[in-house]
Amino acid sequence: MPAELCELTVHIDTGRWSETVLDAVDLLVPDGKITALLGESGCGKSMAAAALTGSLPGSARITGQVHVDGEPVGGQHQWRRLRGGAVGLLPQAGVTAFRAEDTVGAQLRELEDRYRRWSFDRACAAARYPTELADLHPHQHSGGQIQRAALAAALLPEPRVLIADEPTASLDTGTAYGVWATLRRYADAGAAVLVITHDVPMLASARIADHIVLMRGGKVTATGRLTDLAALDDPYVRGFFQPSGH
Ligand SMILES: Nc1ncnc2c1ncn2[C@@H]1O[C@H](COP(=O)(O)OP(=O)(O)OP(=O)(O)O)[C@@H](O)[C@H]1O
């Protein structure tokens, strides 16, 4: 089930300041592939993730369209339905995927019961979440632990579109590799997967992503395979792929 931003512009006006956070963005997340979304901090990656999951802030003004499965999504009612299993988001701050007052285990079991897709054990193993932590509350987890719990939560409904915002940011290299391998298998099974990441060395060494989209200042500035982008003679692009400038 592909997801796509079509000429999407998002303007946020909080009353105290206003900013165009996405500027005519075209971004396709195709079935069976991992699309990696890269770009400098604050360039709009999480906003693109929010747009693809119908979770932009209330103050956002939008032009353009978001398509899921080839159809434009037309409002919060439709988004609520899609988020009920078809489209999943792993948020950048995993703790926000959980209620503070209940244990992580209780909340994962609740998702298992509600969707009856993946089992608790399968989701935790795939996300590399240690189940012995499940009796703890969300705030009693480390950053990397709660991020893996949030990935388990995102996998339990088995969404056909999975948007993962920095799933490996707080993980050691070995665990991060395991999470990337899970995302690879998930895409290989047919899902459309978008992964926001700053982990270019992992992308380059493991060749896990099929396609790279590079953003800057709210716009998509380059797209292609990693090897194609790494060969571009643009200082911003080069800065990502050859940080030493060589
Ligand atoms: N809830 C919000 N309300 C208003 N503006 C926001 C909100 N969240 C983010 N922004 C603004 O939107 C712009 C894009 O932010 P975004 O979170 O998409 O960046 P990012 O590329 O994901 O950065 P990072 O790599 O640091 O996570 C920033 O200028 C930020 O200040």
**Study point:** Meets criteria (within 11 Å of the ligand (Cβ to nearest atom), over 19 Å from the mean Cα position of the chain (by Cα) and polar (S, T, N, Q)) for S41
**Key:** no
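Specify which of the listed residues (A222, A150, A164, A191) is of a type in the set (G, A, S), closer than 28 Å to A24 by Cα and touching a helix residue (DSSP H, G or I) at 6+ places or on another chain (Cβ under 6 Å).
Details: A150 fails: closer than 28 Å to A24 by Cα; A164 fails: touching a helix residue (DSSP H, G or I) at 6+ places or on another chain (Cβ under 6 Å); A191 fails: touching a helix residue (DSSP H, G or I) at 6+ places or on another chain (Cβ under 6 Å).
Sole residue among the options that is of a type in the set (G, A, S), closer than 28 Å to A24 by Cα and touching a helix residue (DSSP H, G or I) at 6+ places or on another chain (Cβ under 6 Å): A222.
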Exercise for review: Find the residue count for region 10-44, including only residues that are over 21 Å from I208 (Cα atoms) and surrounded by fewer than 19 Cβ atoms within 10 Å (Cβ to Cβ).
Suggested key: 15
**Study point:** Residue under evaluation P159, criteria (1) touching a residue at least 40 places away in the same chain (Cβ under 8 Å); (2) surrounded by fewer than 16 Cβ atoms within 10 Å (Cβ to Cβ), criterion not met
**Key:** (2)
Point to revise | Residues being within 15 Å of the ligand (Cβ to nearest atom) and among the β-branched types (V, I, T) - total across region 44-83 | key: 2
**Study point:** Residue pairs meeting the criteria (Cβ under 8 Å; at least 6 apart or on separate chains; first under 17 Å from M215 (Cβ atoms), in region 45-72; second within 8 Å of the ligand (Cβ to nearest atom) and part of a helix (DSSP H, G or I))
**Key:** L56/M47; L56/A50
Review point. Of G64, G88, which residue is part of a strand (DSSP E or B), touching a Cys at 6+ places or on another chain (Cβ under 9 Å) and among the small types (G, A, S)?
Key: G64
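FYI, it's all coordinate maths here, none of it is from the lab. Keep in mind the model is a prediction, meaning the values are calculated, not measured. Virtual Cβ from ideal backbone geometry, glycine too; neighbours counted across all protein chains shown.
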